[in-house]
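The values are calculated or read from the model by the stated rules, or taken from the named source; none is laboratory data. Computed from a prediction, not measured in an experiment: that's the story for all the values here. Positions of Cβ are backbone-derived with ideal geometry, glycine not excepted, and every protein chain shown enters the neighbour counts. Note: accessible area is taken over every heavy atom of the protein model, side chains too, but ligands, DNA and RNA are not part of it. Shrake-Rupley method; radii C 1.70, N 1.55, O 1.52, S 1.80 Å.
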Amino acid sequence: MSLVTLKEILAGTREGHYAVGAFNFNGYEDAQGIVEGAVEKNSPVILMASSSAVKYIGLYQVAGMVSGMAKSVDIPICLHLDHATDVAMIKEAIRAGFTSVMIDASALPYEENIDKSREIVKFACLYGCSVEAELGRVGGKEDNIVVDDPSAAFTDPAAVPRFVEETGIDALAVAIGTAHGFYKSEPKLDFERLQQLVAVTDCPLVLHGGTGVPEEDFRRCVHTGMSKINVGTELKATYSHALRKAVADNPESVFDPRKYVGPVKAACAEVVKGKIDIFGSADKAWSCR
Ligand code: 13P
């Protein structure tokens with residue numbers, strides 16, 4: 001089927017007490033593995049390309065590849081541009097067929113974040129594309145965005161209603177204690193803040209920095225009302241380990257590249273299936289209809 005928007009795929013998540021997993025990919029094998037994992041679980045899924053993944057693969061190549069994957073299966077798939085700061089790239093992604101984009105203007109002052117996010121929403125509306133924005137700052141490093149002190153930038157619930165109202169966004173990334181990349185020590189999530197955030201807005205909320213978050217914390221986030229959960233680094237590591245193992249396991253005489261990169265698909269699918277079980281989205285493929 002055709003790609004669906006973020007708005008469509010997240011509809012019903014809060015009431016249904018599940019979240020849709022959003023997984024970063026960097027090539028064909030991990031993207032296909034994500035799709036296969038979701039198909040096995042009959043779950044909706046969001047495929048995310050970061051700005052650097054788009055630069056590596058090519059914008060139209062990403063759009064064509066993922067829309068082709070969506071056409072070959074019977075689960076809802078959303079193609080999302082993750083953490084973009086470059087307005088020109090965002091607009092080009094929308095034109096190319098992405099069904100969701102994230103404008104990350106969270107480094108800017110509140111009013112400027114509103115203005116920039118609203119500008120993207122206005123443009124995206126013309127193409128029926130969804131928009132995610134961020135308020136507060138998620139720590140760690142994602143692409144070229146580095147945030148050193150996450151605790152200084154938790155999302156203020158009081159700032160949310162006006163932000164959602166004035167921008168018209170479809171999903172809001174919030175900072176409650178997670179960070180991008182591997183954790184040096186176990187993350188401490190601010191669940192009280194999450195509860196307040198859920199109470200002040202109906203806008204679906206997004207948890208970034210899913211790699212390394214304990215299963216119990218994920219479950220609590222979903223139960224409290226988180227709608228979309230991003231996982232990136234864990235899949236990068238899975239990709240690399242699977243590839244290294246395939247190289248080590250095969251003799252040098254093997255020259256079919258599929259023998260090396262092929263195992264990446266199954267390895268990524270396994271990770272995705274595990275997350276889908278935790279996020280509660282198995283058999284929810286058509287809950288968004
Ligand atoms: P991790 O790489 O920490 O899983 O975070 C992914 C993410 O939030 C992408 O936006």
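Below 8 Å between Cα atoms, with a sequence gap of 6+, how large is the relative contact order for the stretch 197-252 in percent?
That works out to 39 percent.
I'd like the FRET efficiency for Ser2 and Ala158, computed as 1/(1 + (r/R0)^6) with the beta carbon distance as r and R0 of 30 Å, rounded to 0.05.
0.15
Can you list which of the trypsin sites (Lys or Arg not before Pro) found in the stretch 150-193 are DSSP loop residues with at most 16 other C-beta atoms within 10 Å?
When the trypsin sites (Lys or Arg not before Pro) of the stretch 150-193 are filtered for loop state and at most 16 Cβ neighbours within 10 Å, Lys184, Lys188 remain.
For Phe182 and His223 in one chain, what is 0.36 nm times their gap in residues minus the Cα-Cα distance, to one decimal in nm?
In short, 12.4 nm is gained.
Net charge near Val206: determine it from the other residues with C-beta under 11 Å of the C-beta of Val206, scoring Lys and Arg +1 and Asp and Glu -1.
So the surrounding residues net to -3.
Each residue of the stretch 77-87 in turn: what ³J(HN,Hα) in whole Hz from Karplus with 6.51, -1.76, 1.60 and θ = phi - 60°, glycine and Pro shown as x?
Calculated HN-Hα couplings, in order: 10, 10, 9, 10, 8, 8, 6, 8, 10, 8, 4 Hz.
Can you give the three extents of the C-alpha atoms in the stretch 215-268 along their principal axes, from longest to shortest, in whole Å?
Computed over the stretch 215-268, the largest-to-smallest principal extents equal 53, 15, 14 Å.
Between the helical axis of 59-71 and the dominant principal axis of the chain, each derived from Cα atoms, what acute angle in degrees is found, rounded to the nearest 10?
80 degrees
List, in order, the whole-Hz ³J(HN,Hα) value for each residue of the stretch 96-108 obtained from phi through the Karplus relation with A = 6.51, B = -1.76, C = 1.60 and θ = phi - 60°; use x for Gly and Pro.
Running phi through 6.51 cos²θ - 1.76 cosθ + 1.60 with θ = phi - 60° gives 6, x, 4, 9, 7, 9, 10, 9, 9, 10, 5, 7, 8 Hz.
Remind me, relative contact order of the chain in percent, using alpha carbon pairs under 8 angstrom and six or more residues apart?
On the way: 601 pairs, mean separation 74.2, N = 289.
Reported relative contact order: 26 percent.
Find the relative contact order for the stretch 66-207 and round it to a whole percent, using C-alpha pairs within less than 8 Å whose residues are 6+ positions apart.
19 percent.
So what's the gap between the Cα centers of the stretch 158-223 and the stretch 28-104, to the nearest angstrom?
Rounded to whole Å, the Cα centres lie 22 Å apart.
Quick check on my link table: of Lys236/Lys265; Lys91/Lys122; Lys141/Lys265, which ones sit more than 18 Å apart, alpha carbon to alpha carbon?
Lys141/Lys265
Can you give the accessible area per residue of the stretch 13-105, in Å², using a 1.4 Å probe?
Per-residue accessible area for the stretch 13-105 comes out at 31 Å².
Among bridges DSSP assigns within the chain, what percent are antiparallel (round to 5)?
Around 10 percent of the beta bridges assigned by DSSP in the chain are antiparallel ones.
Taking K and R as +1 and D and E as -1, what net charge do the other residues with C-beta under 12 Å from the C-beta of Gly37 add up to?
Numbers: positive: Lys41, Lys265, Lys273, Lys275; negative: Asp30, Glu36, Glu40, Glu270, Asp277.
Value of the local net charge: -1.
With each label point set 7 Å from Cα along the Cα-Cβ vector, what nm distance links Arg258 and Ala282?
Placing both labels 7 Å beyond Cα along the Cβ direction yields 3.0 nm.
Scan around Ala173 for amide H atoms under 5 Å from its own, H built in the peptide plane at 1.01 Å from N, and keep only partners 5 or more places away or cross-chain.
Amide H neighbours of Ala173: Ala133, Glu134, Leu135, Val206.
Leaving ligands, DNA and RNA out of it, report the carbon-plus-sulfur percent of the accessible area of the chain at a 1.4 Å probe. Intermediate results must be reported in sequence, preceding the final value.
Working: 6410 of 12420 Å².
With neighbouring chains kept in place, the figure for the chain is 52 percent.
Kindly write out, for the stretch 163-169 in residue order, the coupling ³J(HN,Hα) from the Karplus curve 6.51 cos²θ - 1.76 cosθ + 1.60 (θ = phi - 60°), rounded to whole Hz, with x marking Gly and Pro.
Result, ordered by residue: 4, 5, 4, 7, 8, x, 5 Hz.
For n ≥ 4 DSSP H runs only, could you compute -39500 (n - 2.57) per run for the chain, divide by its residues and tell me the 222 nm figure to the nearest 500?
The helix contribution divided over the chain gives -14500 deg cm²/dmol.
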